[in-house]
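For reference, the structure is listed below as structure tokens.
The values are calculated or read from the model by the stated rules, or taken from the named source; none is laboratory data. Model, not experiment: these values are computed from the prediction. Glycine gets a Cβ as well: all are built from the backbone with ideal geometry, and neighbour counts include every protein chain shown.
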Amino acid sequence: MHLTKEEERTLNGEYGETLQKAIEILVALGDIYGADSLIPIKSAQIAGVSYKTIGDAGLEWISDLSGKVKVPAILNPAGMDLKRWQDMGVSPKFAKKQHEIIKAYEKLGVNTKCTCTPYYLEGFTARYGDHLAWSESSAVSYANSVIGARTNREGGPSALSAALIGKTANYGYHLDENRKPTVSVTVECELSGSNYGALGYLAGMTVGNRVPLFFLKNEPCGDELKALGAAMAASGAVALYHVDKVTPEARKTVFEHPDENIVIEESQIREVYENRKDAMSCENEIIALGCPHCSSDELARIARLLKGKTVKKEMWVCTSREVADSYPHLVSTIEKSGAMVVCDTCMVVSPASENYKLMMVDSGKALTYVPSMCRLEAKFGSIEDCIKEAGDSNKG
Ligand code: F3S
């Protein structure tokens, strides 16, 4: 890989140990994946924040670093609401460690608003063609597919290294040749709302890590594309997809149709809603919305549906603190119902989810991860189904 003189000096340790470690990680990745050089990035989004996932070893690694990030960098969700962790049922021991992790990142100049939807926040609204180093899989999918920016699915250490150097290695989805569709997916029914999460859940399992080109019967909105991409990144490893005539690269480019075409029928979408019927009777249930973190539109919709209602089961609505702080009236309407607007964290990365036996979600991504990462059962429904479920019986 070609390095500039300045990059060579960094690699030789002339600017200190932290930058040396950081560029070593980028160069190692570049060498593995055949990058020709390092390229400047506009921003970084760093996973590896929840104490549940990184533990003491991760905390120690971050704490040993020094200096400041060179580009705007922001954190993925932490393991708890950083202010109301007690209301979530998080232990003081966990909270202490989680706060230490946040402080360690803060010391490096990282924005500690913890969210998987950084693209709603000023400074992180990426543009078409921007090179980024983002790590949370749904954020990566949204940046690549819905915005038309370019990022690989970075690990926490490589995203932080990219932020410290201000560059990333030029390979994978940064290159035109890897952004072309390699499989088509034709959907035979009209879709709306949570159907897109169900579609992503199904498509990801078949598509794996390829680049699908969707042919849809109707045009999805941004939140629906967010749900589709998040689910496919979880049940498969899709980091980039296109929707014919909808997503930016598919609008600008006439793609050759890939040889393989997968057909998805209405009955398959319906099955995603129905396949956990056995989980219906569990008492110790939580309803969790906002995977990925809610946009202001989604928050408004939930507030509208909850207005004047009282929920009887535990219910979380996950969003970024920035979005929650910008719409206090929506937060207040939601919380008047008894539901909690949870910031900085989510139903998957918080250990508080493990206090329940069953979680109902409207997200194809959460449906995939809740059983494997939180060890509780999950079932799927629309936002309306979830709210109905929350109001239907007594708290577990
Ligand atoms: Fe975000 Fe957590 Fe879902 S990080 S995408 S809300 S699993």
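Within the range 91-120, count every residue that is crowded, with 18+ Cβ neighbours inside 10 Å, part of a loop (DSSP other than H, G, I, E, B) and either hydroxyl-bearing (S, T, Y) or modelled with pLDDT under 95 (or both).
2
When I302 is evaluated against the numbered criteria (1) over 26 Å from L191 (Cα atoms); (2) assigned to a helix (DSSP H, G or I); (3) within 16 Å of the ligand (Cβ to nearest atom), which criterion, by number, is the only one it fails?
Condition (1) is where I302 drops out.
Can you spot a residue in the range 308-319 that is of a type outside the set (F, W, Y), closer than 18 Å to V90 by Cα and in a helix (DSSP H, G or I)?
Scanning the range 308-319, I find no residue that is of a type outside the set (F, W, Y), closer than 18 Å to V90 by Cα and in a helix (DSSP H, G or I), so the answer is no.
Assess whether K107 counts as being of a type outside the set (S, T, N, Q) and over 23 Å from L26 (Cα atoms).
For K107, the condition - of a type outside the set (S, T, N, Q) and over 23 Å from L26 (Cα atoms) - is not met.
Restricting to the range 323-342, name every residue that is more than 13 Å from A390 (Cα to Cα) and touching an Asp or Glu at 6+ places or on another chain (Cβ under 8 Å).
Matches in the range 323-342: V341, V342.
Please count how many residues of the range 129-138 are within 16 Å of the ligand (Cβ to nearest atom) and either free of Cβ contacts under 8 Å to residues at least 40 places away in the same chain or assigned to a strand (DSSP E or B) (or both).
1
Within the range 54-74, does at least one residue satisfy the condition of being within 16 Å of the ligand (Cβ to nearest atom) and either without any contact (Cβ under 8 Å) to a residue 60 or more places away in the chain or not in a helix (DSSP H, G or I) (or both)?
yes
Quick test of your reading of the structure: E177 fulfils all but one of (1) assigned to a loop (DSSP other than H, G, I, E, B); (2) more than 15 Å from the ligand (Cβ to nearest atom). Name the failing condition by number.
If we test E177 against (1) assigned to a loop (DSSP other than H, G, I, E, B); (2) more than 15 Å from the ligand (Cβ to nearest atom), just (1) comes out false.
Test V246 against the criterion of being over 25 Å from D297 (Cβ atoms), assigned to a loop (DSSP other than H, G, I, E, B) and among the β-branched types (V, I, T), and give yes or no.
So V246 does not fit the description; no.
Condition check: assigned to a helix (DSSP H, G or I) and either of a type in the set (G, A, S) or crowded, with 19+ Cβ neighbours inside 10 Å (or both). Does A126 satisfy that? Walk me through how you get there before you give the answer.
Working: assigned to a helix (DSSP H, G or I): no; either of a type in the set (G, A, S) or crowded, with 19+ Cβ neighbours inside 10 Å (or both): yes.
It is false that A126 is assigned to a helix (DSSP H, G or I) and either of a type in the set (G, A, S) or crowded, with 19+ Cβ neighbours inside 10 Å (or both).
Checking S194 against (1) within 16 Å of the ligand (Cβ to nearest atom); (2) under 16 Å from S141 (Cα atoms), which test does it fail?
Result: S194 fails condition (2) only.
Within the range 331-360, how many residues are within 13 Å of the ligand (Cβ to nearest atom), in contact with a helix residue (DSSP H, G or I) (Cβ under 6 Å, 6 or more places away or on another chain), closer than 17 Å to C294 by Cα and not in a loop (DSSP other than H, G, I, E, B)?
Final tally of qualifying residues: 1.
Output the number of residues of the range 361-377 satisfying the condition of being part of a helix (DSSP H, G or I) and more than 13 Å from the ligand (Cβ to nearest atom).
0
Right, A162: buried (at least 23 other Cβ atoms within 10 Å of the Cβ) and over 14 Å from the mean Cα position of the chain (by Cα) or not?
yes
Residues that are surrounded by 13 or more Cβ atoms within 10 Å (Cβ to Cβ) and on the phi > 0 side of the Ramachandran plot: does the range 40-51 have at least one?
Looking through the range 40-51, at least one residue is surrounded by 13 or more Cβ atoms within 10 Å (Cβ to Cβ) and on the phi > 0 side of the Ramachandran plot.
Kindly indicate whether any position in the range 75-90 is surrounded by fewer than 17 Cβ atoms within 10 Å (Cβ to Cβ), part of a helix (DSSP H, G or I) and not aliphatic (A, V, I, L, M).
Within the range 75-90, the subset surrounded by fewer than 17 Cβ atoms within 10 Å (Cβ to Cβ) is 83-84, 86-87, 89.
Then keep just the ones that are part of a helix (DSSP H, G or I); that gives 86-87.
This time we only want the ones that are not aliphatic (A, V, I, L, M), so: 86-87.
Yes, the range 75-90 has at least one match.
For residues that are surrounded by 13 or more Cβ atoms within 10 Å (Cβ to Cβ) and touching a Ser or Thr at 6+ places or on another chain (Cβ under 8 Å), tally how many sit in the range 262-272.
2
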